[in-house]
Amino acid sequence: MTELNQGPIVGIDLGTTNSVVAVVVDGKPQVISGDDQKILPSVVGIDPQGKLITGTVARNQQVVYPDRTITSVKRHMGSMTRLSLGDQTFTPPEISAIILRKLRDRASAALGTEVTRAVITVPAFFDENQRQATREAGELAGLKVERIINEPTAATLVYHAGSDARRHLVVYDFGGGTFDVSIVRMEAGVVEVLSSKGDTKLGGDDLDQLLVKHVADAFQTEHEIDLLGDPASRWRLMQACERAKCDLSSQTSVTISEEFIAEKEGKPLNLNITVTRKEYEELIAPLIDRTIECVDEAFRDSKLQLTQIDELLLVGGSTRTPLVQERLREEFKLEPSRAVDPDLAVALGAAMQAAMIAGQSVGPVLVDVTGHTLGIEVLGDFLFSGSRLAYSRLIHRNTPLPAYFEESYRTVSDEQTEAEIKVYQGEHDRLERNKPIGKFMLDLDSGGGDKSRVVVRFDLTLDGVLKVTATQPATGKKNELRIDNVLTKFREEDRQKAMERIGKMFDDSDESGASQKQWLPVNEEIRLDQPNEEVDKPSYVGDAKTVALLKQAKAMAQQVGGEDGEELRSLAMQLEVAMEKNDQQTIDSLSEEIDDVLFYVQ
């Protein structure tokens, strides 16, 4: 096996909805495809036989087995909430590690060598715990995480990479689960982030949920049945609303149709509701307003004038929403740019940073900033744990990385034998309105005088990873930050067990991919962003007749549209899941149904 400090370094966009892996080849960043797709849905599942499935197959399974499927795990990163997957439970870093392992194997197969090094992106507003959890997920996936970089910053690296001209850019990054905005200066081969702002609980998923609730409420008013109360109908409704949201980006109205989505008094009920773009935009306007508030705050922090902004860069699939582009035009009087695919820009930028770490001269030098103010709990100038507490800031938001700062404090009492260092992040003057992120104890020698002095130092790395050191200079006594939460316990006691568990799941399933086959021969002309015979296998198995029927059903679903198209699309998804599980009885049954529908519509 290749040592962890050797071999290629890939860039990974670990997204809430979708994830992407990319690499620089011949000086150009390229996405690595798999299963005939550039994007891997960030979905993990366990099929009825207990085997691990990921990506598109896992997403399709959720229609039939929602209790065996996990989506949007990124929103749980930084906590150790137990997530149920069938009869098993996993931590968020473990589920993210499964997604990363799949991407790692995809890259290994394409590059012809085992990939063990990566640059992974995170939202600019991720806190210390969330960044550490992402790094932990990478390590559980068998990756040495060379650097964690912010998503909007990564996207910037693929724009104007060869230009030395001075430009100021607004990077508006609206993904499936998070929102970030960065104000960036590019000049003479340097990308300098001037300010960042974001919301880790706001993304395209939230836009979907508003539309889902709107349609479910209308259905309940008409039929007195709550579609959200049944897992199967809820998932079908979510899928239909997600498609409708995408269609409303280019159409003024859509009809959301699902046959036999519920039953009342023994009779099947169909869903058939028309939603206009205007109605949809009225639903989501408050959320778009929240993103614009973040943009305004980041712009104020940048100390720039409106006339100094040269370009608006759109990143993330949710930026395809017309209302987003309309609001940004109003704010900046500029036309938003999507010169690079919004779904791929972050991974491509991460690949650029990875190549630079590997010693290639492929793009600008990156100067990022911290997204949060960081400080400790104090009583005036004294270290103290009690009432009348205050917030002492050591590193301020938007400070360039890496950063360090130290401050001197005094103990409250000359007889004090210990001090508890409580670390917070946030912008409020009142301590309780900021977020605690860690604490540790420092043993002291009592006696007053010089012994009452304690120096606290904050070191913030290029990854945005924080180390806090407290020292009693008179005695040399010192201690460092240890995050006092379950994540530390997971690392110390269960990390090896988690790695072995994930490895066994891949070994026992069809997800092992590159790890169970000979590496491809190195081919300098390989087009990593195009299907290739080894990487891009179909995500299902079956005889030629069934595969042809599946393709015909998918093609016809796009052509006929309406209720017939929706029925064909639903049957095709179920057939694909059955083929992946090699469930011949279900395959035969679904094939007959598809044949009947095709006969009717042709």
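Cα axis of helix 345-357 to longest principal axis of the chain: angle in degrees, 0 to 90, nearest 10? That works out to roughly 50 degrees.
Other residues whose C-beta falls under 10 angstrom from the C-beta of Gly349 contribute a net charge of -2, scoring Lys and Arg +1 and Asp and Glu -1. With everything on Cα atoms, drop me the angle between helix 92-111 and the longest principal axis of the chain, reported from 0 to 90° to the nearest 10. It works out to around 70 degrees.
Could you work out what % of the accessible surface of segment 426-473 is carbon and sulfur, using a 1.4 angstrom probe and leaving DNA, RNA and ligands out of the count? Ligands and nucleic acids excluded, carbon and sulfur give 46 percent.
Can you tell which of Ser408, Ala498, Gly448 lies farthest toward the positive end of the dipole of the chain, using +1 and -1 charges on the Cβ of basic and acidic side chains (Lys, Arg; Asp, Glu)? It is Gly448, whose Cα lies furthest towards the positive end. Solvent-accessible surface of segment 196-313, averaged per residue with a 1.4 angstrom probe and all protein chains in place: 49 square angstrom.
When you count the other C-beta atoms within 10 angstrom of each residue and take the mean per peptide, 30-42, 390-402 line up highest first as 30-42, 390-402. A 30 angstrom limit on the alpha carbon distance is what I want to check against. Which of Lys102/Lys497; Lys144/Lys197; Lys28/Lys102; Lys144/Lys245; Lys144/Lys451; Lys74/Lys435 exceed it? Beyond 30 Å: Lys144/Lys245; Lys144/Lys451. Think of a 1.4 Å ball rolled over the protein heavy atoms: segment 54-145 then has 23 Å² of accessible area per residue. Counting only the Cα atoms, segment 5-96 fills a convex hull of 130 Å³ per residue.
Taking every Cα-Cα distance in segment 141-193 and sorting them into 10 Å bins from zero, the calculated P(r) comes out as 22, 45, 26, 7, 0 percent. The length gained by stretching the chain between Glu406 and Asp164 to full extension, at 0.36 nm per residue less their Cα-Cα distance, is 83.5 nm.
When you filter the trypsin sites (Lys or Arg not before Pro) in segment 158-244 for DSSP loop state and at most 15 other Cβ atoms inside 10 Å of their Cβ, you are left with Arg166, Lys201.
For the chain, the longest principal axis of the C-alpha atoms and the axis of helix 322-332 are separated by about 30°. Estimated from helical segments only, the mean residue ellipticity of the chain at 222 nm is -11000 deg cm²/dmol, where each DSSP H run of four or more residues counts as -39500 (n - 2.57).
Around the Cα centre of the chain, unit charges on the Cβ atoms of Lys, Arg, Asp and Glu (plus for the first two, minus for the last two) sum to a dipole of about 1680 debye.
The values are calculated or read from the model by the stated rules, or taken from the named source; none is laboratory data. Just so we're clear, the structure is a prediction, and the values are computed from it rather than from any experiment. All Cβ positions, even for glycine, are placed from backbone atoms using ideal geometry, and neighbour counts span all protein chains on display. Note: areas computed on protein heavy atoms with side chains; ligands, DNA, RNA excluded. Shrake-Rupley method; radii C 1.70, N 1.55, O 1.52, S 1.80 Å.
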